[in-house]
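All remarks here apply to the structure that follows.
The values are calculated or read from the model by the stated rules, or taken from the named source; none is laboratory data. Not measured: the values here are computed from a predicted model. So basically every Cβ, Gly included, is an ideal-geometry build from the backbone, and we count neighbours across all protein chains shown.
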Amino acid sequence: MQKGMYLDRERCLRAVRSKDARFDGWFYTAVLTTRIYCRPSCPVVPPKAENMTFQPSAAACQQAGFRACKRCRPDTSPGSPEWNQRADLVARAMRLIADGVVDRDGVPGLAGRLGYSTRQVERQLLAELGAGPLALARAQRAQTARILVETTPLPMAEIAFAAGFSSIRTFNDTLREVFALSPSELRARARGRGTGPDGGGQTRNPSSSTLSTLSLRLPFRAPLNPDNLFGHLAATAVPGVEEWRDGAYRRTLRLPYGHGIVALTPKPDHVACRLTLSNLRDLTVAISRCRRMLDLDADPVAVDDELRADPLLAPLIDKAPGRRVPRTVDEAEFAIRAVLGQQVSTAAARTHAARLVTAYGTPVDDPEGGLTHLFPTPEALAALDPESLAMPRTRRATFTTLVRQLADGTLHLGVESDWAEARARLLALPGFGPWTVDVIAMRALGDPDAFLPTDLGIRRAAQELGLPSTPAALTARASAWRPWRAYAVQYLWATDSHPINFLPV
């Protein structure tokens, strides 16, 4: 699959006729006769070819006057893999929109985070996606509202403001336009399917301090191998911030309007997500960050097909296809943890992080488990006494320099980061070598081509498989795996018996 696939009419037609779910989120089918748009895998009989047009986004369909299909619910399909495999302006803008920046800071705030003018951002998004940032954010608000309407007993007025709408009238008009149903009709249909609210869940006013709990389904493109994904998150979990409990990975979330706790449980066809939020306005951001952490918008078939071309990797992929790259919900947090993990065991890194969490993290209540804190902010850590850190003096200097630059904004790591620029800034810090920079690029920045040729586990796997084991030679051999070397890392790591490779029991 490639950029601008919706322009390849014949390929889109074949995908629709075969009802291939792998293409969901890559493009949308807009039907001229019914004025409905669908995902490629829609179960209804495909319309005649002359009645189909293809659009790059749900927002483009909505802007052109099409409404979402009630059967396939295209607005709930996995997101396009493009936004997590590219680092250009459009991809970075889409990641920021998913993180709720337009709703919080408007289009000027989006453009400012990207370092471009508002006009440039709008022009490029419109050219590639058929919709500007406001239309894209509106489509996202509509989906958030639908989730709240269908899964909670909250009053519609509270849902409207929690989803980011400026007025109840705009909320009602948007849902009728996008879904051809009023909010109350959406809720009634959900109850009829047995998926609607039963009134037993916690609810709250968006401005109050009472917690709300929602249960959601996070879709993904099959296959998904949960072993290394959840195994890695559980094995490296920082006590107080993360835990594995009752078959779910749980962690605290620092969010724009408050905090949250999420429990993520792998299922055969989705990831069950239980979110507890202090402010419902954070719902969209929380979902986006969880999807990003679990790499749920990846296209595993495309990745695996590319890597399978190497005969030494093919048996690993055939044995357990669909590996994802475990990422993070907080880029700054991961960078700090990467430094804490330099040249020490996983257990030691967790111990170092847990001490910082206890001393500098923000306490939270967790009635359903053992989580106690939000991970400390860089600002909080910048105030600590370096002598209190139980680590070598050189690594103290690395740690304090990193948190100081994160705190004062000299270094910024976020979904909008330019990967090459962020790498260069990290490499300029004292104590930052290729391994630390590449692991941050892979798991925090989300670069799908990040590679760790100096990693001990990678070198052991290479030697076992008959690949070159020296970093330079292995890097040269791995050039054939581009642009998916971060996924190759997951398959190579999986040859070891380390706990990161196994789903906890």
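What the table shows:
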{"read-out": "Hits in the range 323-353 - residues which are on the phi < 0 side of the Ramachandran plot and surrounded by fewer than 18 Cβ atoms within 10 Å (Cβ to Cβ)", "value": "Val344, Ser345, Thr346, Ala347, Ala348, Thr351"}
{"read-out": "Test: residue in the range 63-79 that is out of contact with any strand residue (DSSP E or B) (no Cβ under 7 Å at 6 or more places or on another chain), crowded, with 20+ Cβ neighbours inside 10 Å, polar (S, T, N, Q) and farther than 20 Å from Pro300 by Cβ", "value": "yes"}
{"read-out": "Matching option when the condition is basic (Lys, Arg), over 30 Å from Phe432 (Cα atoms), assigned by TED's automatic domain parsing to the domain that holds Leu402 and at pLDDT below 95, among Arg274, Arg281", "value": "Arg281"}
{"read-out": "Residue in the range 109-122 that is in contact (Cβ under 8 Å) with a residue 24 or more places away in the chain, under 21 Å from the mean Cα position of the chain (by Cα), assigned to a helix (DSSP H, G or I) and crowded, with 23+ Cβ neighbours inside 10 Å present", "value": "no"}
{"read-out": "Output for the range 103-125, where each listed residue is over 24 Å from Ala298 (Cβ atoms) and hydrophobic (A, V, I, L, M, F, W, C)", "value": "Val107, Leu110, Ala111, Val121"}
{"read-out": "Arg95 under 24 Å from Asp282 (Cα atoms) and of a type in the set (Lys, Arg)", "value": "yes"}
{"read-out": "Unmet criterion (only one of (1) within 23 Å of Leu175 (Cα to Cα); (2) part of a helix (DSSP H, G or I)) for Cys72", "value": "(2)"}
{"read-out": "Residue that is modelled with the highest pLDDT [pool: residues in the range 182-224 that are assigned to a helix (DSSP H, G or I) and more than 19 Å from Phe171 (Cα to Cα)]", "value": "Arg191"}
{"read-out": "Helices (runs of 4 or more DSSP H) completely within the range 417-486 that count 1 or more residues being touching a residue at least 24 places away in the same chain (Cβ under 8 Å) and in the same structural domain as Arg395 (by TED's automatic domain parsing)", "value": "419-427, 434-440"}
{"read-out": "Hits in the range 367-379 - residues which are assigned to a loop (DSSP other than H, G, I, E, B) and either within 21 Å of Leu411 (Cβ to Cβ) or not assigned by TED's automatic domain parsing to the domain that holds Leu264 (or both)", "value": "Phe375, Pro376, Thr377"}
{"read-out": "Subset tally (residues that are closer than 25 Å to Tyr487 by Cα and surrounded by fewer than 18 Cβ atoms within 10 Å (Cβ to Cβ)) for the range 245-269", "value": "5"}
{"read-out": "Selection count, the range 469-490, where residues are farther than 27 Å from Val344 by Cβ and either loosely packed, with under 13 Cβ neighbours inside 10 Å or at pLDDT 95 or above (or both)", "value": "8"}
{"read-out": "Residues that are more than 17 Å from Ala131 (Cβ to Cβ), of a type outside the set (A, V, I, L, M, F, W, C) and assigned to a loop (DSSP other than H, G, I, E, B), drawn from the range 1-34", "value": "Gln2, Asp8, Ser18, Lys19, Asp20, Thr33, Thr34"}
{"read-out": "Asp99 crowded, with 19+ Cβ neighbours inside 10 Å, modelled with pLDDT under 90, touching a helix residue (DSSP H, G or I) at 6+ places or on another chain (Cβ under 9 Å) and of a type in the set (Asp, Glu)", "value": "no"}
{"read-out": "Verdict on Ala462 being among the hydrophobic types (A, V, I, L, M, F, W, C), surrounded by 21 or more Cβ atoms within 10 Å (Cβ to Cβ), in contact with a Ser or Thr (Cβ under 6 Å, 6 or more places away or on another chain) and more than 29 Å from Tyr116 (Cα to Cα)", "value": "yes"}
{"read-out": "Condition met for Thr174 (of a type outside the set (Lys, Arg) and under 27 Å from Ala60 (Cβ atoms))", "value": "yes"}
{"read-out": "Helices (runs of 4 or more DSSP H) within the range 278-366 that include 1 or more residues polar (S, T, N, Q) and within 16 Å of the chain's Cα centre (by Cα)", "value": "283-293"}
{"read-out": "Test for Arg104: is it part of a helix (DSSP H, G or I), surrounded by fewer than 22 Cβ atoms within 10 Å (Cβ to Cβ) and assigned by TED's automatic domain parsing to the domain that holds Leu181", "value": "yes"}
